Amino acid sequence: MKKLVVFVLLAALVFCLPAAAQIRFKDVPDDHWAASAVYDLVK
């Protein structure tokens, strides 16, 4: 039972951490008029 709980917690971390990372696109400069909308859609 302990192994299952540890496995589930580790799996949750693996899948949640990349989502929390800031994603930046090379072709969308920060000063572009649509940058905030693009990054809102990514979230």
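Here are several values of Cα Rg over 2.2 N^0.38 Å: (i) 1.14; (ii) 1.62; (iii) 1.78. Which one was derived from the coordinates shown?
The value matching this structure is (iii).
Excluding same-chain residues fewer than 8 positions from K26, which lysines have a Cα within less than 28 Å of its Cα?
Result set, ordered by chain and number: K43.
Compute the angle between helix 2-20 and the longest alpha-carbon principal axis of the chain, please, reported from 0 to 90 degrees and rounded to the nearest 10.
It works out to around 0 degrees.
What's the magnitude of the charge dipole for segment 2-42 around its Cα centre, counting Lys and Arg as +1 and Asp and Glu as -1 at the beta-carbon? Answer in Debye, nearest 20. Please report the intermediate quantities before stating the final value.
On the way: 4 positive and 4 negative charges, 100 e Å.
The calculated dipole for segment 2-42 is roughly 480 debye.
222 nm [θ] for the chain, helices only, -39500 (n - 2.57) per DSSP H run of 4+, per residue, to 500? Numbers along the way, then the final one.
Values: 2 runs with 27 residues, N = 43.
Helix-only estimate at 222 nm: -20000 deg cm²/dmol.
Read-outs throughout are calculated quantities, based only on the coordinates presented, and are distinct from any laboratory measurement. All values derive from a computational prediction rather than experimental measurement. Neighbour counts run over all protein chains shown; Cβ positions are idealised from the backbone, glycine included.
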